[in-house]
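Structure first, then comments.
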Amino acid sequence: MKITKNIIIAFYLLCLAFNASAQSINWEEIQNGIWKASVGVPEDISLLKMADIQPKKEALDNLPDATFPFSKDKISTEVIDGKTYLRFPLTREEQLYGLGLNFKTVHQRGRIMTLHVDHYGGKDDGRTHAPVPFYVSSRGYGVLIDAARYITVYAGTGVRVDTEDPPVLRDRNTDKKWDPSPYSDAVEILVPAKGTDIYIYGGSSPMEAVQRYNLYNGGGYIPPKWGLGFTQRVPTLYSQDDIIKEATEFVEHDFPLSFIGVEPGWHSMAYPCTFEWDEGRFPDPKKFNTELIAMGIRSNLWLNPFVSPVGSLYPKVKELSGSHTVWNGIVPDFTIKETRDIFKKHFVDNHLSIGVSGYKIDEVDGFDRWLWPDVATFPSGYSGEQMRQVYGLLVQEMTGKWFKELNQRTYGLVRASNAGASSLPYVIYNDYYSHRDFITALINSSFIGVLWTPEVRASKTAEEWVRRMQSVCFSPMAMLNAWADGTKPWSFPEVETAVRDVANLRMQLLPYIYSTFSQYHFEGLPPFRAMNLVDGFSFEQQESAGTLSSTDNPYAMAIKKEVKDQYMMGDNMLVAPMFEGETERKVILPAGKWYDFYDGKYVGSNEIITVSPGLEKIPLFVRDGGIIPMMPVQRQAPAKGEMVDLEVRHYGTKEGSFKLYDDDGTSFDFEKGDYSRVDIKVIKDKKGNLKGSVSKPEKGKPYGYNKQVSWKFMTK
Ligand code: GAL
């Protein structure tokens, strides 16, 4: 009896000790539907701080109210041994999305990842270009861990002994339902730091949680209009004359071109870089930029930030750089204001002031053996690990501000990013090259507030070429990156027309695409969207049970069914890319009726259809009542003040409306209210005929569309 009593007392004391290390946390609703809490002692460097986010308070207030997504006492937090342990509840039916720029998977429940900025290495294990520690639940909420650390996430894998909702116990010998991954009722997270800030974004749908996340980060970026035209990156050693000639060839081939990417050869040395024009290849950079601008073309300069000992910046930033070199260059500590000021002066004086319109910031992601090691130290005192997680954010934020101060929008490329990036003017790309995985990355970018381009570089066949070109024209940046292969859009003459057609179609769709980006900014709606973010979309196909095999599948793991090869561009258009070798593909249509973009014919509703579009077309579908504003084909995006004709297409039989957005296309004046938003409406008259109208733009606000509208009711 006495022994039992002693055991009970000991157990009680143990519980007390356990509770002492477990923290009770204080959740503060910092914005409508967004809660923040600090656990332990958060570090003074964080992802959102480095991205310098400026929450869009008004837009957040306009979202419906949201409630805290689960009972607060179901969250547990502890700091043990200098590390933070976090646990958030999960219900049985919930699916999770996000957790970084993944390339192969969309459903993240059941995965274990260590989120680490790196070049994507072919596995969704957390090492990727934007390892954003943010997950979105199918139940309509999001969780962000704002720590600049290699965070390990067990996304519904661990099962605690004391769980209130344990998985069913089964005998593998006799029970066919035995599951190698028993149900786990939590997302568990290990942050290798003494504390962290946590944010919870509420909502009534996964999209609403994503909207809150993007709006809190400042709202999505609206690229300048030229940024949405076609862009070609030239071979690395092209001279200024070669580039002007290349631009002329685009005219000869009647192919769109809005900006040109200049690869490493513009530096007098790369890599490491000098950030100074090479006198042999670029004897007159000012003339070069002036000539391009006269042709309506902007320039974008490649760089990686590792400073060459032979460059003029080297002595200036030597003491402001980390302990280790990268490709013999020093690594500037951009958390220090002085370093940023030195860079700013050099870049503004030598590039921005002569018309350079943007940058491609390479190699800030990895690979491990190239980048600084985690044992590196930096003059700011931040560690190699912290720097690794934020460097991509720092360079985006810093360069973005240079342009903003000149009231000039830029649009560039970057290879590393992280949480808080929604309002930064950059698109992520990489050296990996699976067309299918590129589309999955595009889909996943929509959960985590980043943009991604499935860039085209080279292809083995004309078929592959045209299929890749079609996809990239339905992405945030329509780009051919010919840095190594010297490819041109017309490299495969047999598909030149098909490639030109899709690039022209992109140009025609600019009014729709630009308005879609304005939704990103004002409402937090990502421009390119996973089907799982579409309201009412449900694709609950059972996972197919895996087949037992002692070598390939010893635990008979089920095969996941995910929608990872089709997506939405804006509210109305469903994009279903074709891949090389396919003559047909399946498309999952959400609820409601859907119509073929090209001929307006009805294709189906809430079902899986098979399409065989031929080589010259990328399958595109429009929802019932969907309105698509378009403009005539032109080689370049409309310049400031340019007026273009408006064609409005309507699909299906339902009434519909669309908000057409416009501004000057180049400056930030829209942030002060200098923009137009006109209502395009299609209603049925008494006889049931569809009639369209476009409201008048507000006087004095920029609006680049001629009054005369040509209407096309596509569904006969
Ligand atoms: C790579 C980059 C390529 C190209 C190349 C130039 O790292 O991903 O797109 O810019 O550098 O050296």
Run the 1.4 Å probe and let me know the accessible area of Glu363, rounded to the nearest 10 Å².
-> 10 Å²
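What fraction, in whole percent, of alpha-carbon pairs in the stretch 547-602 exceed 12 Å separation? Spell out each step's value before the answer.
On the way: 1188 of 1540 pairs.
Tail of P(r) above 12 Å: 77 percent of Cα pairs.
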With +1 on each Lys and Arg Cβ and -1 on each Asp and Glu Cβ, and nothing else charged, work out how big the dipole of the chain is about its Cα centre, in Debye to the nearest 20.
-> 1320 debye
Fraction of alpha-carbon pairs over 43 Å apart in the chain - percent | 26 percent
Out of Ile342, Gly366, Pro379 - ranked by how far each Cα lies towards the positive end of the dipole of the stretch 333-379, with unit charges on the beta-carbon of charged residues - the top one is Ile342
Sort Ser695, Ser667 by accessible area with a 1.4 Å probe, largest first.
-> Ser695, Ser667
Whole-Hz Karplus couplings 3J(HN,Hα) for the stretch 590-595, θ = phi - 60° and coefficients 6.51, -1.76, 1.60, Gly and Pro as x, run x, 4, x, 8, 10, 10
Any idea what the dipole of the stretch 627-713 comes to, in debye rounded to 20, about its Cα centre with Lys/Arg Cβ at +1 and Asp/Glu Cβ at -1?
-> 600 debye
Which distance in Å, rounded to a whole number, links the C-alpha centroids of the stretch 412-472 and the stretch 225-303?
-> 21 Å
How many nm separate the modelled label positions at Phe68 and Ala484, each set 7 Å beyond the Cα in the direction of the Cβ?
-> 5.2 nm
Using only Cα atoms, what is the ratio of the radius of gyration of the stretch 5-216 to 2.2 N^0.38 Å?
-> 1.09
Any idea what diffusion coefficient the stretch 192-255 gets from Stokes-Einstein, in µm²/s, Kirkwood Rh on alpha carbon pairs, 4 °C, 1.567 mPa s?
-> 78 µm²/s
Charge sum, other residues only, whose C-beta stays under 14 Å from Lys83's C-beta, Lys/Arg counted +1 and Asp/Glu -1 = -2
Rounded to the nearest 0.05, what FRET efficiency do Trp27 and Lys696 give with R0 = 56 Å and r taken as the Cβ-Cβ distance? Could you check?
-> 0.75
In nm, the gap between the two label points placed 7 Å beyond Cα toward Cβ at Val348 and Tyr433 is 4.0 nm
At 37 °C and 0.692 mPa s, grab the translational diffusion coefficient of the stretch 82-122 from Stokes-Einstein with a Kirkwood Rh over Cα pairs, rounded to a whole number in µm² per second.
-> 262 µm²/s
Three-way shape call for the stretch 525-662 based on the alpha-carbon gyration tensor, with the a/c threshold at 1.5 | prolate
Give me the percent of the accessible area of the chain that comes from carbon and sulfur atoms, probe 1.4 Å, all protein chains in place.
-> 51 percent
Relative compactness, the stretch 627-713, computed as alpha-carbon Rg over 2.2 N^0.38 Å = 1.18
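Quote the FRET efficiency, to the nearest 0.05, computed for Arg160 versus Asp535 with a Förster distance R0 of 30 Å and r equal to the Cβ-Cβ distance.
0.30
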Does the stretch 295-432 come out rounded, prolate or oblate, given a ≥ b ≥ c as the square roots of the eigenvalues of its C-alpha gyration tensor, rounded meaning a/c under 1.5 and, failing that, prolate meaning a/b above b/c?
-> prolate
Charge context of Trp711, other residues only, Cβ under 11 angstrom, K/R +1, D/E -1 | +2
Per residue value of the accessible surface for the chain (all protein chains in place, 1.4 Å probe), Å² = 40 Å²
When Rg is the radius of gyration of the Cα atoms in the stretch 225-507 and Rh is its Kirkwood radius, what does Rg/Rh come to?
-> 0.96
With a ≥ b ≥ c from the Cα gyration tensor eigenvalues, square-rooted, and the rule rounded for a/c under 1.5, otherwise prolate when a/b > b/c and oblate otherwise, the stretch 598-640 is oblate
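For Ser710 and Asp179, compute 0.36 nm times the residue count separating them, minus their Cα-Cα distance, and round to one decimal in nm.
185.3 nm
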Linear extension gain, Asn689 paired with Arg369, 0.36 nm per residue minus alpha-carbon span = 108.6 nm
Using eta = 0.890 mPa s and T = 25 °C, Stokes-Einstein with Kirkwood Rh from Cα pairs puts D for the stretch 403-555, in µm² s⁻¹, at 138 µm²/s
Using label points projected 7 Å from each Cα along Cα→Cβ, tell me how many nm separate Thr551 and Lys57, to one decimal.
-> 6.4 nm
Using Cα centres only, tell me the gap between the stretch 60-76 and the stretch 382-409 in whole Å.
-> 31 Å
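The values are calculated or read from the model by the stated rules, or taken from the named source; none is laboratory data. Bear in mind that the values here come from a model prediction, so they are computed numbers and not experimental data. Ideal geometry is used to build each Cβ from the backbone, glycine not excepted, and the neighbour counts take in all protein chains shown. Calculation scope for accessible area: heavy atoms of the full protein, side chains included, ligands and nucleic acids excluded. Shrake-Rupley method; radii C 1.70, N 1.55, O 1.52, S 1.80 Å.
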